[in-house]
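Only one structure is covered here, and it is reproduced in the block below.
Here, each number is a calculation from the coordinates, and none is a lab measurement. Here the structure is a predicted model, which is why all the values come from computation and not from measurement. Cβ atoms come from the backbone with ideal geometry, glycine included; neighbour counts cover every protein chain shown.
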Amino acid sequence: MNYSLRRNKVDPKMLYPKQSFYSEEYLNTHCDLYLTTNYVKDEWGKSHKYYRLHASQPHTLDTALGYEIQCPHCHNRTLRQIGRALSMYDLGLFVCPDCDSKE
Ligand SMILES: [Zn+2]
């Protein structure tokens, strides 16, 4: 599942995900920022749901680190960054501390 991200008008660092049925290619052309879901198996075989933040414009490391993203699943928590940016466009890897411990 992919998510488009809407910025908070008052605080543009706050990002709200919206479920999107568009492809990643479409989101890349039409959205500044979007999330993709990454399922990763850990060394004990447990599956984790992580989110990768993507940007259509190049980001510096500082800008990329400044975002606060609401969890697309529980809408309750801010996602925690657990992985570094891969490039100026493929930014950090995130997890929801609540949802991940429940699954
Ligand atoms: Zn959550």
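Label-point separation (nm) for residue 26 and residue 13, each offset 7 Å from Cα along Cα-to-Cβ?
According to this spin-label approximation, the distance is 3.3 nm.
List the chymotrypsin sites (Phe, Trp or Tyr not before Pro) within the stretch 1-43 that DSSP assigns to loop and that have no more than 11 neighbouring Cβ atoms inside 10 Å.
Answer in residue order: 21.
Can you put 71, 96 in order of Cβ neighbours within 10 angstrom, beginning with the fewest?
71, 96
Would you please state the base-10 log of I(q)/I(0) at q = 0.20, 0.24 1/Å for the chain, with intensities from the Debye formula using one equal scatterer on every alpha carbon?
-1.03, -1.43
For the stretch 2-102, compute the number of Lys pairs whose alpha carbons are separated by less than 17 Å, excluding pairs fewer than 8 positions apart on the same chain.
Final tally of qualifying lysine pairs is 6.
Could you go through the stretch 31-43 in sequence order and give the Karplus-derived ³J(HN,Hα) for each residue, using 6.51 cos²θ - 1.76 cosθ + 1.60 with θ = phi - 60°, rounded to whole Hz, and x for Gly and Pro?
Taking θ as phi minus 60°, the curve returns 10, 5, 9, 8, 10, 10, 8, 10, 9, 10, 8, 8, 5 Hz for the stretch 31-43.
What spacing in nm lies between the two simple spin-label points modelled at residue 49 and residue 62, each 7 Å away from Cα in the Cβ direction?
That separation, rounded to one decimal, is 3.5 nm.
Determine the calculated [θ] at 222 nm for the chain from helices alone, applying -39500 (n - 2.57) to every DSSP H run no shorter than 4 residues and normalising by the residue count; nearest 500 deg cm²/dmol.
It lands at -4000 deg cm²/dmol.
Under unit Cβ charges (Lys, Arg +1; Asp, Glu -1), what dipole magnitude, rounded to 20 debye, does the chain have relative to its Cα centre?
Dipole magnitude for the chain comes out near 240 debye.
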